[in-house]
Amino acid sequence: MKRHRQAPPNPLKQGLLLLMAGAAFALGPTPASAEPGISADSIRLAGVMDLRGRSSGLGQGMKKGLEAALQGQTLKGRRIELMFLDDAYTPEKTVAAVNELLAKEPFLFIGNVGTPTAKAALPILAKAGVPAFGFFTGAGLLRPGEGSIVNFRASYEQETAKVIDDALAAGVRADQICAYVQNDAYGMSGVAGVVRALKGKAGAETAVAAMEKALAMEGEDPMRNGIGPLGVYRRNTFVAREGYQSLKQWEKSHNAQCRLVVTVGAYTSISNFIAYSRSKGEKWVASAVSFTGANNLSKELIDNNIKDRVIMTQVTPLLESGHPIVAEARQALGEDLGYVSLEGFIVGKLFLHLMGEIEGEPTRAGFMQAVAGKQFDLGGLAIDFSNDNQASDLVTATHLTDRGWQLMGPGQWAQWLK
């Protein structure tokens, strides 16, 4: 399978060496029960996510998936103990929640949700020597990232590359590809993916240069509207007008036309943008990355009577697939099964598998050793850590219908571009 990412050398082994180096300062042999997060009868795991805020559909989905996979499970006679705190998808609250959970000495952090929140959490976890496992973000800052990080999902670069490559193959020109994103590290990780996919393509030079200018801006919520084929909105806000006008300004000033708008944001903000652009008569095809939240986004779009010309990339097997792990998740989650909860379930099962590979008593260093370089099948899903810290490269394009998300067919783009 073709990979759109270029992995740095052996990041998991680097993380393992850091953990082992830290352990070397211990005075003499340490009993297994002294390993942080490990007691005689439990293994403590922590996670921080939006559980009550404007993106709580993502946090609740991830939490439900993890609980379905891990609650009631035991490893080497120890029960799994889960500790979750809410951060309202706000980095400042992430810092406080991470520090509060660190005081309870978890074995690792699992399933944290969001890119700006991960950006706040990772330096703290790296300093404390606590691994970050299966975070719900495809941002490059975790590939490989600071500290001991193990990812499950494909990256945002891979997701945006899939959509752009398909659009270009169908006849969309490189100068007809625009973007609408959250104005922070999450949105910019998507813009970086667009730039990488378009760089070197005929006619994309001006657009790429403008997006690179936007990427170079620093600070919280800088003025990125009005400088390219790019519209932005502030995190946790829902007004789409300024970002829409930025795209219309680009079209007018460059005698251009947006045929595909790659969106990278949260579900309500993205659904509002799509609905607003449709109300203005735009026929843009909009794409969304998996983090947007498939179930929440489809509900909001269908509530607005929008049922076509929307693509979403998925990084888990499709819900209707025959993968054994999907069947297991369906049985465990019931009506709560969705793409986000399925990812949480997979992350939980991946953790159980890797912990089972540790020889002897569980330690953080032993966990990282169990990950590095491994390849195996997880309920029909290919897991591959052979050259990086990311388990899966799976990216599948789906499109919205009145029956929900359906697999993109070979003639779908041709139909839209008539």
Could you list, in sequence order, the residues of the range 144-168 that are part of a helix (DSSP H, G or I) and touching a residue at least 40 places away in the same chain (Cβ under 8 Å)? Tyr156, Glu157, Gln158, Glu159, Thr160, Ala161, Lys162, Val163, Ile164, Asp166, Ala167
Extreme residue, farthest from Phe345 (Cα to Cα), among residues of the range 150-200 that are touching a Leu at 6+ places or on another chain (Cβ under 8 Å) and hydroxyl-bearing (Ser, Thr, Tyr): Tyr180
Only one residue in Val261, Val285, Val310 is in contact with a helix residue (DSSP H, G or I) (Cβ under 6 Å, 6 or more places away or on another chain) and either of a type in the set (Ser, Thr, Tyr) or closer than 19 Å to Tyr156 by Cα (or both), so which one is that? Val285
Among the residues of the range 106-143, how many are part of a loop (DSSP other than H, G, I, E, B) and either over 16 Å from the mean Cα position of the chain (by Cα) or at pLDDT below 95 (or both)? 5
Considering the range 366-375, residues that are on the phi < 0 side of the Ramachandran plot and out of contact with any Asp or Glu (no Cβ under 8 Å at 6 or more places or on another chain), and then whichever is surrounded by the fewest Cβ atoms within 10 Å (Cβ to Cβ), we arrive at Ala372
May I ask you to say which residue of Glu220, Glu212, Glu146 is surrounded by fewer than 24 Cβ atoms within 10 Å (Cβ to Cβ) and in the same structural domain as Gly61 (by TED's automatic domain parsing)? Glu146
Tell me the residue from Lys104, Lys93 that is surrounded by fewer than 19 Cβ atoms within 10 Å (Cβ to Cβ) and under 21 Å from Ser148 (Cα atoms), please. Lys104
Tell me whether the range 399-414 contains one or more residues that are surrounded by fewer than 19 Cβ atoms within 10 Å (Cβ to Cβ) and in a helix (DSSP H, G or I). yes
State yes or no: is Leu394 of a type outside the set (Ser, Thr, Tyr) and part of a loop (DSSP other than H, G, I, E, B)? yes
Taking the range 251-271 only, how many residues are surrounded by fewer than 22 Cβ atoms within 10 Å (Cβ to Cβ) and in contact (Cβ under 8 Å) with a residue 24 or more places away in the chain? 5
For the range 84-105, which residues satisfy the criterion of being without any contact (Cβ under 8 Å) to a residue 40 or more places away in the chain, more than 21 Å from the chain's Cα centre (by Cα) and not in a helix (DSSP H, G or I)? Ala103
Per-region count, the range 171-230, residues touching a residue at least 12 places away in the same chain (Cβ under 8 Å), assigned to a loop (DSSP other than H, G, I, E, B) and over 12 Å from Val262 (Cβ atoms): 16
Quick one: Leu350 ticks every box in (1) part of a helix (DSSP H, G or I); (2) surrounded by fewer than 24 Cβ atoms within 10 Å (Cβ to Cβ); (3) hydrophobic (A, V, I, L, M, F, W, C) bar one, so which box is it? (2)
For Arg54, indicate whether it is of a type in the set (Lys, Arg), assigned by TED's automatic domain parsing to the domain that holds Glu328 and within 21 Å of Gly348 (Cα to Cα). no
Assess whether Ile274 counts as being touching a residue at least 24 places away in the same chain (Cβ under 8 Å), surrounded by 21 or more Cβ atoms within 10 Å (Cβ to Cβ), out of contact with any helix residue (DSSP H, G or I) (no Cβ under 6 Å at 6 or more places or on another chain) and closer than 23 Å to Val395 by Cα. yes
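The values are calculated or read from the model by the stated rules, or taken from the named source; none is laboratory data. Treat the numbers as computed from the prediction; the structure is a model and nothing was measured. Note: ideal-geometry Cβ built from the backbone for every residue, glycine included; neighbour counts use all protein chains shown.
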